[in-house]
1. Report ³J(HN,Hα) in whole Hz for each residue of segment 69-79, in order, from the Karplus equation J = 6.51 cos²θ - 1.76 cosθ + 1.60 where θ = phi - 60°; Gly and Pro get x.
2. I'd like the FRET efficiency for S180 and M212, computed as 1/(1 + (r/R0)^6) with the beta carbon distance as r and R0 of 35 Å, rounded to 0.05.
3. Shape call for segment 1-104 from the C-alpha gyration tensor, a ≥ b ≥ c root eigenvalues: rounded (a/c under 1.5), prolate (a/b greater than b/c) or oblate?
4. When the chain is fully extended, how far beyond the present Cα-Cα distance does D57 get from A202, taking 0.36 nm per residue of separation?
5. Grab the other residues whose beta carbon is less than 10 angstrom from that of T75, score K and R as +1, D and E as -1, and report the net.
6. Can you give me the long-range amide H partners of L66? Hydrogens built in the peptide plane at 1.01 Å from N, cutoff under 5 Å, separation of 5 or more residues or another chain.
7. Using the Cα centre of segment 37-94 as the reference point, and only Cβ charges (+1 on K/R, -1 on D/E), how large is the resulting charge dipole? Debye, rounded to the nearest 20.
8. Structure shown: which of K177/K210; K178/K199; K70/K199 lie over 23 Å apart, alpha-carbon to alpha-carbon?
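The values are calculated or read from the model by the stated rules, or taken from the named source; none is laboratory data. Quick caveat, the model's predicted, so the values are computed rather than measured. Every residue, glycine among them, receives a Cβ derived from its backbone with ideal geometry; neighbour counts consider all protein chains shown. Accessible surface areas use protein heavy atoms only, side chains included; no ligands, DNA or RNA. Shrake-Rupley method; radii C 1.70, N 1.55, O 1.52, S 1.80 Å.
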Amino acid sequence: RQLGEAAYTETLSQVKTITTGADFARVQRVGQRIADASVRRYPQAVEGFQWQFALIDTPEVNAWMLPGGKSAVNTGLLTLATTDDELASVMGHEAAHAIARHGGERMSRAMAVEIAAGIASASGEVSPELIDGVLAGYGAVGETAFSRSEETEADEIGLLIAADAGYDPRAAVTFWKKMSAQGGDKPPEFLSTHPNDDKRAARLEALMPKAMAIYQEAKRAGR
């Protein structure tokens, strides 16, 4: 989490952020409900999280969350996730990565020596290499490095978080169908770190009965 804080500060210092307006308010509103649902469902995993949601002015369709609840949404994502329900499905997915510590797992695999050296350092300084590792591990720069299995796990956890927050989980299927319809050059699924968009939508459809039950309970609770 300390590395996440440093990486978050470093990233935001290098990009243009939006701090007012309807889009910013939308990200804050959806983000806070995702945070509240995460606390309800995974209180131990998110204990000590200091949630924060930045809006970055860039056309890249992306969002991410670092350890400790430090998150960002790109304006490019908002052009595709046009409803709060769709945005919640993405923000829930990114929260799931942090909750499941996927980035930390990848960092441990790829940077064990560097991380150990950094944590053991008595200087109190955070090396640029560690910051870069955190950002890469949590998909904050370039293509996310999560494996297909981690993406699938985050899809399920994130779908149920969004449903618990009172957002229609069916929007997740709608969003990934939009992603698929964008087309463009994509590698075969076995060469990609992400599941195929159509398969992703099908897996989400299979989870829908459970997600809809949670969603209906959330609506009855006034969320």
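1. Ordered by residue, 3J(HN,Hα) equals x, 7, 10, 8, 10, 8, 4, x, 5, 5, 6 Hz.
2. Rounded to the nearest 0.05, the efficiency is 0.95.
3. oblate
4. Net length gain for the segment: 49.0 nm.
5. -2
6. Residues meeting the criterion, in which the H sits 1.01 Å from N, are S71.
7. Its charge dipole is roughly 260 debye.
8. K70/K199
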